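Here it is, the structure in full.
What follows draws every value from the coordinates through simple rules; no lab data is involved. No experiment lies behind these values; they were computed from the predicted model shown. In this analysis, Cβ positions are derived from the backbone assuming ideal geometry, glycine residues included, and neighbour counts consider all displayed protein chains.
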Amino acid sequence: MKYSLYLAALAICATEVVAFPSNMFHVDMPEEEKREIARIAARIEADAKKRQVSVPGLPGFDASEQYVSNTGDHAFIAPGPNDLRGPCPGLNAMVNHGYIPHNGVATVPQFIQGTYDVFGMATDLAAFLAVYGAVFDGDLTSWSIGGPPPAGLLSSVGLLGTPQGISGSHNKYESDVSPTRPDLYEYGDDYKVIVSQFEELYAQPLGPKGYDLTALTPFRASRFQQSIDNNPYFFNGPFSGVAVQPAAYTFIYRFMGNKSAEHPDGYLDGEVLKSFFSITGEPGSFTWTEGYERIPDNWYKRAVGDEYSIPYFQIDLVAAALEYPQFLDVGGNTGKTNTFTGVDITNLTGGVFNLETLAQGDNAICFAYQFAQQAAPDVLKGLFLTITAPLSQLNDAFAKVFAELSCPQLKSIDTAQFANYPGSKGAY
């Protein structure tokens, strides 16, 4: 997934499903939606308590609880001419099987419920991603998984323009170095599969669990270098590069790996990978059909009690960065290929972080989220007539994230250094 969001050593820990209070989204959100979010959170938390994982790496398997239907009400339906699909294969598959609305525009509660039902994403991570998308790519309550939605699907009250959806959120929700999608400034779009990139992914030497993180993380390092070599405007941003880019890789295995009694933590083979990425054919003759991502037959999500949460993501993020330190090197090319220059993290953060300390503890993810929060007011000024409501809603979401992490206090950021990087537009 191109977030996006996750994410190399296979460090696995017991995860905690964290419910969030019903008043978390108190700004410009209908009471009915707030009650729906609270209901979803309570149900997920209750399910998780039935079988909380207590042994790291041994989540267990229950076919009846983990089976994800792709028949009946959830049979595949191809997108119509006005339906939106975008750069995230997981979201595209969810839409095509009716786990979120078929038109590709969903509310915050629908995203939270859908990602839990299909993939076993924890409430904390799902809530943050859903709210972040609603604020930066939508109308505070809903957003598009693709480009700008047709008129009338989202509210225009208080907006300065049309919400652009994920496909229009480069360096905010979408980043360079996608596994299968292009760098925006290299190809002119950020959502169409580059079949040659999928070929490279598919050709990776398999790990113990198929296309697991031992296969995906070296592939990410290769793609990182390809962006330096080929994209004169490549930018590895504080949020889009440090936090969003790794999710594009870790989400593939953590969410797409098929769970079973033999492989309770998941095994991801080539056929499942092709199904989720809408690829048919064989190596050397692969075909991509835009928007036709499918949930595979006989496919099982993460175990109840082993939902993928923000602390779990942090472990994956740091494990990858310890193996490939360049992942945390904020900076980019300066207008020509192979001109990658790093930002001075110490100056950028007023001495709170430096390149060496980013890989310690929660620092990397703290830096990414704190930077996004501090930069948000400037971004929101270009999206809303007044930023009070969206900023308050976003700060509520960040507060929930920071409650799970141990973060030093980042008081200010110096974005003047970004002027050297023409590809940094949208990063702050």
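Sequence-distant or interchain residues sharing an amide H contact under 5 Å with Thr339, placed H: which?
Here the answer is Thr334, since their amide H atoms fall under 5 Å of that of Thr339.
For Phe235, what charge total do you get from the other residues with a beta carbon under 10 Å from its beta carbon, if Lys and Arg give +1 and Asp and Glu give -1?
Residues close to Phe235 contribute a combined charge of -1.
Could I ask something else about it? Any chance you could list P(r) for segment 225-384, counting all Cα-Cα pairs in 10 angstrom bins from zero, rounded to whole %?
Per 10 Å bin, starting at 0, the Cα pair percentages come out as 9, 28, 31, 24, 8, 0.
Would you mind pulling out the separation of the Cα centroids of segment 272-306 and segment 136-187, in Å?
24
Taking the Cβ of Gly350 as the centre, find all other residues whose Cβ is under 14 Å away and add up their charges (Lys, Arg: +1; Asp, Glu: -1).
-1
Place a +1 charge on the Cβ of each Lys and Arg in segment 303-428 and a -1 charge on the Cβ of each Asp and Glu, then give the dipole magnitude about the Cα centre in debye, rounded to the nearest 20.
540
Given 4 °C and 1.567 mPa s, compute D for the chain with the Stokes-Einstein relation, Rh being the Kirkwood radius over Cα pairs; round to the nearest whole µm²/s.
61
Further question on the same structure: So what is the calculated 222 nm ellipticity per residue for the chain, using -39500 (n - 2.57) for each DSSP H run with n of 4 or more, over all residues, to the nearest 500 deg cm²/dmol?
-11500 deg cm²/dmol
Roughly how many debye, to the nearest 20, is the charge dipole of the chain about its Cα centre, given +1 on each Lys and Arg Cβ, -1 on each Asp and Glu Cβ, and no other charges?
Computed charge dipole of the chain: roughly 280 debye.
Ser196 to Lys425: extension gain in nm, 0.36 nm per residue of separation minus the Cα-Cα distance?
Stretched fully, the Ser196-Lys425 segment lengthens by 79.7 nm.
For segment 182-300, would you read off the P(r) tail past 23 Å as a percentage of all alpha carbon pairs?
33
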